[in-house]
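Values quoted throughout were computed directly from the atomic coordinates according to the rules given, and no laboratory measurement underlies them. Bear in mind that the values here come from a model prediction, so they are computed numbers and not experimental data. Here the Cβ is made from the backbone with ideal geometry for all residues, glycine too, and neighbour counts use every protein chain on show.
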Amino acid sequence: MIYDVIVIGGGPAGTAAAVYAARKRLKTILITDSFGGQSIVSDDIQNWIGETRISGYDLAKKFENHIRAYSDMVDVKIPEKVLKVRKIGDTFEVDTDKKNTYGARTVIAAAGAGRRRLNVPGEKEFEGRGVAYCSTCDAPLFSGKKVAVVGGGNAGLEAVEDLFPYASEIYLLEYGETLKGDPVTQTKIKKNAKLKEIILNAETLAIKGDKMVTGLKYKNLKSGDIKELELDGVFVEIGSAPNSDMLKDLVELDGFRQVVIDSKHASTSQPGIFAAGDITDDPYKQNNISAGDAVKAALAAHHYLLKKFQD
């Protein structure tokens, strides 16, 4: 069977794309390892429009329920992961980890990205319980708390800025000898008294806690000294890695391996392939923006199909 659209991903972008494709009466297949995207680990999401607060788990269930309400138009394959996208004439095929191959006239890539992790003891155990990866999403949860931000690039500096209205004390840890973020932002954050210390040459060794985060252990790479900070939270801001390998032979990727899109239509360099969400080079990695861009992708895919296959 040749579908009209293959949607890759079950986060806010994948869900929005599949819903809009179904409403345009496009025969759609959605392939995802899980619903919810990166927000599945958040206990308290406060910026999903229409919900004052909702857990990542509950949001993921709403995504799935919305998709399954269109079961006449959307086939759901879960848990399944796309490994490769190939172009076959005027159509596309995807290969999955279940050794299945599916074909479609268009593809909407909404596979998201994975936050780069420290891979230290305690990080996984306390994710969502003091360990966070999105300051825009989670900074308000740390009101009056002592927080460390790990990462001295632009993401780390912006996380510090996001935390200023909420946290009582902030510590910024950087592995290298200097901060790598924008000098203007560096100057700005250094003027705020809530930033208690910038710790350079700091290798994070472990995140400590009981039911919630209670501290962070790090090593000074110059002196070899091992120290600890008493904390209520840790923001890991060392970048993200888009799940774009499946597309690397078909579409243009930027230097960060993000899919380059035309923001007007969510189109890629390969006609018939569209993309939305954290897999793309859109600078604002937010659930609401991912969903909006995915609506563009679905509408653009519908227009593409009308022109190419019904002229």
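Taking square-rooted eigenvalues a ≥ b ≥ c of the alpha carbon gyration tensor, is region 131-236 rounded, prolate or oblate, where a/c under 1.5 means rounded and, failing that, a/b exceeding b/c means prolate? Walk me through the intermediate numbers first.
On the way: a/c = 1.75, a/b = 1.03, b/c = 1.70.
Since a/c reaches 1.5 but b/c is at least a/b, the shape of region 131-236 is classed as oblate.
Once Lys and Arg get +1 and Asp and Glu get -1 on their Cβ, which of 104, 40, 50 lies farthest toward the positive end of the dipole of the chain?
With unit charges placed on the Cβ atoms, the residue in question is 104.
Quote the convex hull volume per residue of region 1-106, based on C-alpha atoms, as a whole number of Å³. Present the calculation step by step, with values, prior to reporting the outcome.
On the way: hull volume 10.4 nm³, N = 106.
Taking only Cα atoms, region 1-106 has a hull volume of 98 Å³ per residue.
Using only Cα atoms, tell me the angle between helix 154-163 and the longest principal axis of the chain; keep it within 0 to 90° and round to the nearest 10.
70
Using the crude model of +1 on Lys and Arg Cβ and -1 on Asp and Glu Cβ, and no other charge, please compute the dipole size for the chain relative to its Cα centre, in debye to 20. Write down the numbers at each step before the final one.
Numbers: 42 positive and 43 negative charges, 77 e Å.
Dipole size: approximately 380 debye.
Using the structure shown, list the pairs from 77/124; 81/296; 27/87; 27/296 with a Cα-Cα distance above 21 Å, or answer none.
Working: 77/124 27 Å; 81/296 24 Å; 27/87 19 Å; 27/296 17 Å.
Over 21 Å Cα-Cα: 77/124; 81/296.
Where Rh is the Kirkwood radius over the Cα pairs of the chain, the temperature 4 °C and the viscosity 1.567 mPa s, what D in µm²/s does Stokes-Einstein return?
Details: Rh = 20.5 Å.
It comes out at roughly 63 µm²/s.
For the pairs 62/264; 98/264; 194/222; 61/285, note any where the Cα-Cα span goes beyond 31 Å. Mind dumping the intermediate values first?
Values: 62/264 28 Å; 98/264 34 Å; 194/222 26 Å; 61/285 21 Å.
From 62/264; 98/264; 194/222; 61/285, over 31 Å: 98/264.
Restricting attention to region 130-237, which GluC sites (Glu not before Pro) occupy a DSSP loop and are surrounded by at most 11 other Cβ atoms within 10 Å?
Details: sites: 158, 161, 169, 174, 177, 197, 203, 228, 230, 237; in loops: 174, 177, 237.
Those satisfying the criteria are 177.
Which shape class, rounded, prolate or oblate, goes with region 206-311 when its Cα gyration tensor gives a ≥ b ≥ c as root eigenvalues, a/c under 1.5 marks rounded, and past that a/b bigger than b/c marks prolate? Don't skip to the end; give the middle numbers.
On the way: a/c = 4.69, a/b = 2.68, b/c = 1.75.
It is prolate, given that a/c is not under 1.5 and a/b is the larger ratio.
Calculate the length of the line joining the C-alpha centroid of region 73-132 to that of region 249-282, in whole Å.
15
Is the C-alpha gyration tensor of region 214-268 telling us rounded, prolate or oblate? Criteria: a/c under 1.5 is rounded; beyond that, a/b larger than b/c is prolate, otherwise oblate.
Details: a/c = 4.63, a/b = 2.75, b/c = 1.68.
Verdict is prolate for region 214-268.
If I take every Cα pair under 8 Å that is 6 or more residues apart in the chain, average their sequence separation and divide by the length, what percent do I get for the relative contact order? Please report the intermediate quantities before stating the final value.
Values: 736 pairs, mean separation 61.7, N = 311.
Value for the chain: 20 percent.
If R0 is 41 Å, what FRET efficiency do you get for residue 98 and residue 210 from their C-beta distance, rounded to 0.05?
Working: r = 40 Å, r/R0 = 0.97.
Result of the calculation: an efficiency of 0.55.
Note down the relative contact order for region 131-236 as a percent, whole number, built from C-alpha pairs under 8 angstrom at least six residues apart. Walk me through the numbers on the way to the answer.
On the way: 235 pairs, mean separation 32.1, N = 106.
Normalised by residue count, the contact order of region 131-236 is 30 percent.
What do you get for trypsin sites (Lys or Arg not before Pro) in region 150-229 restricted to DSSP loop and a cutoff of at most 10 other Cβ within 10 Å of the site's Cβ? Before the final figure, lay out the partial values.
Numbers: sites: 180, 188, 190, 191, 194, 196, 208, 211, 217, 219, 222, 227; in loops: 180, 191, 194, 211, 222.
When the trypsin sites (Lys or Arg not before Pro) of region 150-229 are filtered for loop state and at most 10 Cβ neighbours within 10 Å, 191, 211, 222 remain.
Taking the simple approach of a point 7 Å from Cα along Cα-to-Cβ for both residue 58 and residue 308, what is their distance in nm?
4.1
Can you give the charge dipole size of region 131-236 about its Cα centre, rounded to the nearest 20 debye, using +1 on the beta carbon of Lys and Arg and -1 on the beta carbon of Asp and Glu? The partial results should precede the final answer.
Working: 14 positive and 15 negative charges, 38 e Å.
With only Lys, Arg, Asp and Glu charged at Cβ, the dipole is about 180 debye.
Can you tell which of 164, 199, 175 lies farthest toward the positive end of the dipole of region 131-236, using +1 and -1 charges on the Cβ of basic and acidic side chains (Lys, Arg; Asp, Glu)?
Positive-end residue among those listed: 199.
Counting only helical runs of four or more DSSP H residues, what would the 222 nm mean residue ellipticity of the chain come to if each run contributes -39,500 (n - 2.57) and the total is spread over all its residues? Please report the intermediate quantities before stating the final value.
Numbers: 6 runs with 71 residues, N = 311.
Result for the chain, helices only: -7000 deg cm²/dmol.
Using 5 Å bins from zero, what percent of all Cα-Cα pairs in region 64-192 falls into each bin?
Final binned percentages: 2, 8, 14, 14, 12, 9, 8, 10, 11, 8, 3, 0.
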